[in-house]
Amino acid sequence: MKNVKHAKCVRCGRIYAAAPDLTSCACGGILDIVYDYDYIRSTFTKDDLAQRRDSTMWRFRELLPVEKDTPLPPLRVGGSPLYEADALAQELGLAKLYIKDDGINPTASLKDRASAMAVAKAREAGAQVIACSSTGNAASSLAGNAAAAGLSTYIFVPSRAPKGKVAQLMTFGATVVSVQGSYEDTFELSRAAIEKWGWYNRNAAINPYLSEGKKTVGLEIMEQLNWAAPDYIAISVGDGCTIAGLWKGLKDLHAIGFIDRLPRLISVQAEGCCPLNRAIETGEDWRPMEENTLADSIAVGVPRNADKALMAIRESDGLTVNVSDQEIMAAQKLLGRRCGVFGEPAGVTGTAGLKKLCQAGRIPSDAVVVSVVTGSGLKDVANAIAACGEPISIPGDMALLEAAFRQAGIRA
Ligand SMILES: *Cc1c(COP(=O)(O)O)cnc(C)c1O
Ligand SMILES: [Zn+2]
């Protein structure tokens, strides 16, 4: 890989050759892939990109850590829409708001970007089996992307994982272990099993290539905005790999001169599980928290990507905001009604946080903002119904319909 120099520990600075099966540093720190930006700048232009037909995440290959001849995973990951959300912008008092809907990915979450990368790297490593622990979406995306590439998977999820995600796992043919415990328990069990059986490791923070896949969401947003950086990008945060990846992508583009300024990140967590935001807000080290929120994908009490995530928020002069489950459910309804976008609870948490900041007057009214929806609502229909209500239920009778409308105050 001519575009990659090496991997570097974010804690102790130790350098490693960029092998496909890299894990974390001997010191326990997480690794970051370091690029040769001079080389990339000399071989990659905005015009090259504009000519490309490939709309998937692999259109940014010059900025991705894969060998030239690596077979790319078959599912079409990335290329998600960036909607102009004018009605919602007006409601929130923003000059301009865009919604990046990553729920449209093949397995319906942003995690596909990381899993496609993991599958590509597993193939480089010659692995046949990949494993991970996950709150649900990393699992279903790994299972789907691996199945398409002919690799088998061992997946560990906490027993609280919603049915939609488990159904995806079973459909994709993964060997699924539902762990009766927290996400922390799930992670530790997967770690022991991976060590014992030597599977390729797609665990967040252990595998440094995941955030490189996730960074493509940032690359896409910038290309879709014609390289004019917004003032803020709001995104939900659990383990921290996603926000760290987003920031990496933005910094890459800045380093090669594609954008001339960087947005500020808005890190949104659930009030019931916000160890990273709490660390930023108190200025202290992060400490484990309970996993107390309906937004299961971001219920991560022990974030493994804490170092990278905290760095991303701080470097971007970012904002933090924590939202209640009520506020998350309200955002689900708001995005559905104003934008026609159906997000799962963790998927809409970024927008919930943005709304809260707007209402508190913490975002200037001339700001241009992007809010990323990270996963589809179809993964967790029970919570969507809880947030948005039940339909009118009657026998097929016109008189009853009229009566029901009258009772509900509907004037058709
Ligand atoms: C995983 C996930 C997140 C958060 O990503 P982290 O890397 O865990 O911070 C947000 N939303 C959804 C839908 C997710 O699946
Ligand atoms: Zn180290």
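Note the angle between two axes, namely the Cα long axis of helix 345-359 and the longest principal axis of the Cα atoms of the chain, as a number of degrees from 0 to 90, rounded to the nearest 10.
That helix lies at roughly 70 degrees to the long axis.
Given T171, I155, S190, which one lies farthest toward the positive end of the charge dipole of the range 90-192, if we put +1 on the Cβ of every Lys and Arg and -1 on the Cβ of every Asp and Glu?
It is T171, whose Cα lies furthest towards the positive end.
Shape call for the range 64-178 from the C-alpha gyration tensor, a ≥ b ≥ c root eigenvalues: rounded (a/c under 1.5), prolate (a/b greater than b/c) or oblate?
oblate
Computing the accessible area with a 1.4 Å probe over protein heavy atoms, can you report the carbon and sulfur percentage for the chain?
Roughly 49 percent of what the probe reaches on the chain is carbon or sulfur.
With every protein chain left in place, what is the accessible area per residue of the range 42-188 in square angstrom, probe 1.4 Å?
That works out to 39 Å² per residue.
Mind checking the per residue accessible area of the range 193-270 for me, 1.4 Å probe, whole number of Å²?
24
Give the angle, between 0 and 90 degrees and rounded to the nearest 10, that separates the Cα long axis of helix 241-255 from the longest principal axis of the Cα atoms of the chain.
60
Can you find, among V368, M289, A330, the residue sitting farthest towards the positive end of the charge dipole of the chain, where Lys and Arg contribute +1 and Asp and Glu -1 at Cβ?
The Cα lying farthest towards the positive end belongs to V368.
For the range 272-412, what is the accessible area per residue in Å² when the probe is 1.4 Å?
That works out to 47 Å² for each residue.
The values are calculated or read from the model by the stated rules, or taken from the named source; none is laboratory data. From a predicted model like this one, the values you see are computed outputs, not experimental measurements. A quick note on method: Cβ atoms are made from the backbone with ideal geometry, for glycine too, and the neighbour counts reach across all protein chains shown. The accessibility values were calculated without ligands, DNA or RNA, using every heavy atom of the protein model including side chains. Shrake-Rupley method; radii C 1.70, N 1.55, O 1.52, S 1.80 Å.
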